[in-house]
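The values are calculated or read from the model by the stated rules, or taken from the named source; none is laboratory data. Bear in mind that the values here come from a model prediction, so they are computed numbers and not experimental data. All Cβ positions, glycine included, derive from the backbone under ideal geometry; neighbour counts span all protein chains shown.
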Amino acid sequence: MAEWKVSEVFGPDKLKINQWSEEDRPREKLGRLGAGALSSAELLAILIGSGSADENAVELMQKVLHGCGNSLKSLGRMTVDDLKRYKGIGEAKAITILAACELGKRRQQEGAAERLDLSSAQSIYEYLHPKMQDLPTEEAWILLLNHNFKLIGDAIRLSQGGLTETAVDVRLIVRHAIMNNATVVVLAHNHPSNNVRPSHNDDNITRQVGDALRLMRLHLADHLIITDGNYYSYQEHGKL
């Protein structure tokens, strides 16, 4: 019977992860040193379990991350079909990767939700950013607060629009506030273009919402424009 060499099966110097030194294997390394000691590629390799005939799981995930600019945020924006373009990633592995990205996002949201005092633009941004960071089109959201600026319930999505604007129904904002016994409202929307500067339409909406809330003896605390990594606060700029 012919004797096969590793190099003939897996290519020159190609070893499966289970042929690595035990201290270098991602699973064993995590168990010994903790998850923080692993690279993103190593953590993702644990999830997908195996690579392709040409590269092991760590090398495959290094390639995928390189294609995303080594950004986990960009990885989370990929689709199943995007990931399946890589040799060695089928539908099951692609779904596993995206599920892990979504869990990471939800963990970030839970951490922000514990900070219920939303009395500053920075705290509002930290609460809303995980919910709005990957949205492909503009969306309008509101936060309902009591008189101590404590959050009532969760953020409410009002509307979804296009790439440059979204409609805001002022009557719907007032209705939500009254039905939830809120006295303070925060309006927020995202700019998919990542341009944080407000438009004339943004200014008009802010004025209309503020006027309507004042008529009902309610207070518009702020209007935030959310981008990936930055925000614009009407309150901080003295435009309320």
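Worth pointing out:
- Single residue of segment 28-67 satisfying the filter (more than 17 Å from residue 97 (Cβ to Cβ) and of a type in the set (D, E, K, R)) that is farthest from the chain's Cα centre (by Cα): 54
- For residue 182, the test of being in contact with a strand residue (DSSP E or B) (Cβ under 7 Å, 6 or more places away or on another chain), over 23 Å from residue 227 (Cβ atoms), small (Gly, Ala, Ser) and in the same structural domain as residue 198 (by TED's automatic domain parsing) is passed.
- Any pair with Cβ under 6 angstrom, 6 or more apart, that starts in segment 54-75 at a residue that is assigned by TED's automatic domain parsing to the domain that holds residue 17 and ends at one that is modelled with pLDDT of 90 or more and acidic (Asp, Glu): 58/42
- Cβ separations smaller than 6 Å between residues 6+ apart or across chains give the following pairs from segment 218-240 residues that are in contact (Cβ under 8 Å) with a residue 40 or more places away in the chain to residues that are charged (D, E, K, R): 233/222; 235/222.
- Residues of segment 184-217 satisfying the condition of being of a type in the set (S, T, N, Q) and not in a strand (DSSP E or B): 193, 194, 195, 199, 201, 204, 206, 208
- When the residues of segment 218-237 are filtered to those that are assigned to a loop (DSSP other than H, G, I, E, B) and at pLDDT below 95, the one that is farthest from the chain's Cα centre (by Cα) is 229.
- Test: residue 196 is crowded, with 18+ Cβ neighbours inside 10 Å, touching a strand residue (DSSP E or B) at 6+ places or on another chain (Cβ under 8 Å) and among the β-branched types (Val, Ile, Thr): no
- The set of residues from segment 164-197 being of a type in the set (Ser, Thr, Tyr) and more than 24 Å from residue 130 (Cβ to Cβ) comprises just one member, 183.
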